[in-house]
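Following: one structure in structure tokens, then a few remarks.
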Amino acid sequence: MRIKICGITRVEDARYAEKAGADAIGIVMFSPSSPRSVAEPKAQEILDSVGPFITKVIVTHSQSLDDISRIISLKPDAIQISHSFTFTQPPAVRVLRVIGNGNPIPSDCDAIVVDESMGAGRHYDREFAGKVIRSTTIPVILAGGLTPENVQDAIRQIRPYAVDVASGVEEKPGIKDHAKIASFIAAARGV
């Protein structure tokens, strides 16, 4: 099982997630209402703190072309967007599109993140997540309300390409709990 630890705000959390075996980290930018949103210099510092074998994803809710261009200039491996942003030309990074129940299933992306939560810890919609997986050949990443305690059941029931966690491995918003990260990764890999 592939695992993304999202909402990274500190270098030490990014390094720990990598050391613990995460496949990807997520860094939130241009999302001022999120307690996990960081400024460009901090995002660059976090991106630079991990090695070349972990996927680095910038997560944004911005619909500004300028913001998207600034994110891409940081050279993440992927950008995760939660709106119907249309690129004028194919971006130089992979695109992950976030959808929730009632949203159309996109085809113009490299992966789909099924997430009702957007970092708030609300549980995913099992029926909708299953429908998305059955309806597309694009990899589907499951997010929303996942914790070390429930990730195994979610993987068994939904069979996603990957799982994505933010609040489920935190001490408080934006500050990761290293023991919870290790437990989450061990549980997800144990399926």
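Rule-based calculations on the coordinates, nothing more; no lab input. Computed from a predicted model, the values in this text were never measured in an experiment. No Cβ is skipped: glycine too gets one built from the backbone with ideal geometry, and neighbour counts run over all protein chains shown.
Figures for the structure shown
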| item | result |
| --- | --- |
| Number of positions in the range 22-43 that are out of contact with any Pro (no Cβ under 9 Å at 6 or more places or on another chain) and either among the polar types (S, T, N, Q) or in a helix (DSSP H, G or I) (or both) | 6 |
| Residue selected from the range 163-187 under the condition among the hydrophobic types (A, V, I, L, M, F, W, C) and surrounded by fewer than 23 Cβ atoms within 10 Å (Cβ to Cβ), by the criterion farthest from THR147 (Cα to Cα) | ILE175 |
| Positions within the range 152-191 being part of a strand (DSSP E or B) and closer than 24 Å to VAL132 by Cβ, in sequence order | ALA162, VAL163, ASP164, VAL165 |
| Scan of the range 14-30 for residues that are among the charged types (D, E, K, R) and without any contact (Cβ under 8 Å) to a residue 60 or more places away in the chain, ordered by number | ARG15, GLU18, LYS19 |
| Single residue of the range 126-162 satisfying the filter (free of Cβ contacts under 8 Å to residues at least 60 places away in the same chain and small (Gly, Ala, Ser)) that is farthest from HIS178 (Cα to Cα) | SER135 |
| Residues that are among the aliphatic types (A, V, I, L, M), buried (at least 16 other Cβ atoms within 10 Å of the Cβ) and in contact with a helix residue (DSSP H, G or I) (Cβ under 7 Å, 6 or more places away or on another chain), drawn from the range 1-37 | MET1, ILE3, ILE5, ILE8, ALA14, ALA17, ALA20, ALA22, ILE25, ILE27, MET29 |
| Enumeration of residues in the range 153-162 that are crowded, with 17+ Cβ neighbours inside 10 Å and either of a type outside the set (Gly, Ala, Ser) or closer than 15 Å to ILE25 by Cβ (or both) | ILE155, ILE158, PRO160, ALA162 |
